[in-house]
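What follows is a set of notes on a single structure, which appears directly below.
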Amino acid sequence: MIAMAILAISLVAVYQSQSQSISMAANSRFLTTASLLAQSRMAEISAADPRQVASGNGNFGEDFPDYLWQVEIGDVEGLAFLKKIVLTVINSRMTVHNAYILVLYKVVRP
């Protein structure tokens, strides 16, 4: 009887550890993919003239159908020559921890 209790406790611990491993692997896969997609999109935005880039949203095409991006561009209070670019990459399939945010401050020359 005691052996069965010990076995049950150890199996619960093993299954919980396995479940946590799977969850961590999925989160790590999301962070890796989202950071690379965000870096790619931010490079496109950074290469363009900041005065002509507008806030907006979109997707990453057929290669990454579950990933969406959203860009918000605003002024930095007190610094007229600086723009704040906030890029958010979202995985539409995930329900929690599904957003990756990348912020860039860019100098805008008159």
- So if R0 is 41 Å, what FRET efficiency would F64 and A8 give, r being the distance between their Cβ atoms, rounded to the nearest 0.05? 0.45
- Among V96, V86, V12: highest mean-square fluctuation, GNM of the chain, C-alpha pairs under 10 Å: V12
- Once phi for every residue in segment 12-29 is put through the Karplus expression 6.51 cos²θ - 1.76 cosθ + 1.60 (θ = phi - 60°), the whole-Hz ³J(HN,Hα) values, with Gly and Pro written as x, are 4, 5, 5, 5, 5, 5, 5, 4, 5, 4, 5, 4, 5, 5, 5, 5, 5, 5
- Message: Using only the alpha-carbon atoms, what does segment 9-57 span along each of its principal axes? Please give whole angstrom values in decreasing order.
- Response: 62, 15, 9
- Item | Order of L79, L68, L104 - criterion: other Cβ atoms within 10 Å of each residue's Cβ, fewest first | L79, L104, L68
- Query: Label-point separation (nm) for D49 and T95, each offset 7 Å from Cα along Cα-to-Cβ?
  - Reply: 4.7 nm
- Calc'd 3J(HN,Hα), segment 77-82, phi into Karplus 6.51 cos²θ - 1.76 cosθ + 1.60 (θ = phi - 60°), Hz, glycine/Pro = x, comes to 4, x, 10, 5, 8, 10
- Give, rounded to the nearest 20 debye, the magnitude of the charge dipole that the chain has about its Cα centre when Lys and Arg contribute +1 at Cβ and Asp and Glu contribute -1 at Cβ. 200 debye
- Binning at 5 Å from 0, report for the chain what percent of all alpha-carbon pair distances ends up in each bin. 2, 10, 17, 15, 12, 9, 8, 6, 5, 4, 3, 3, 2, 1, 1, 0, 0
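Read the figures in this text as sums done on the coordinates, not as results from a lab. Please read these numbers as outputs of a predicted model, since none were measured by experiment. Neighbour counts are summed over all protein chains in view; Cβ atoms, including those assigned to glycine, are modelled from backbone coordinates with ideal geometry.
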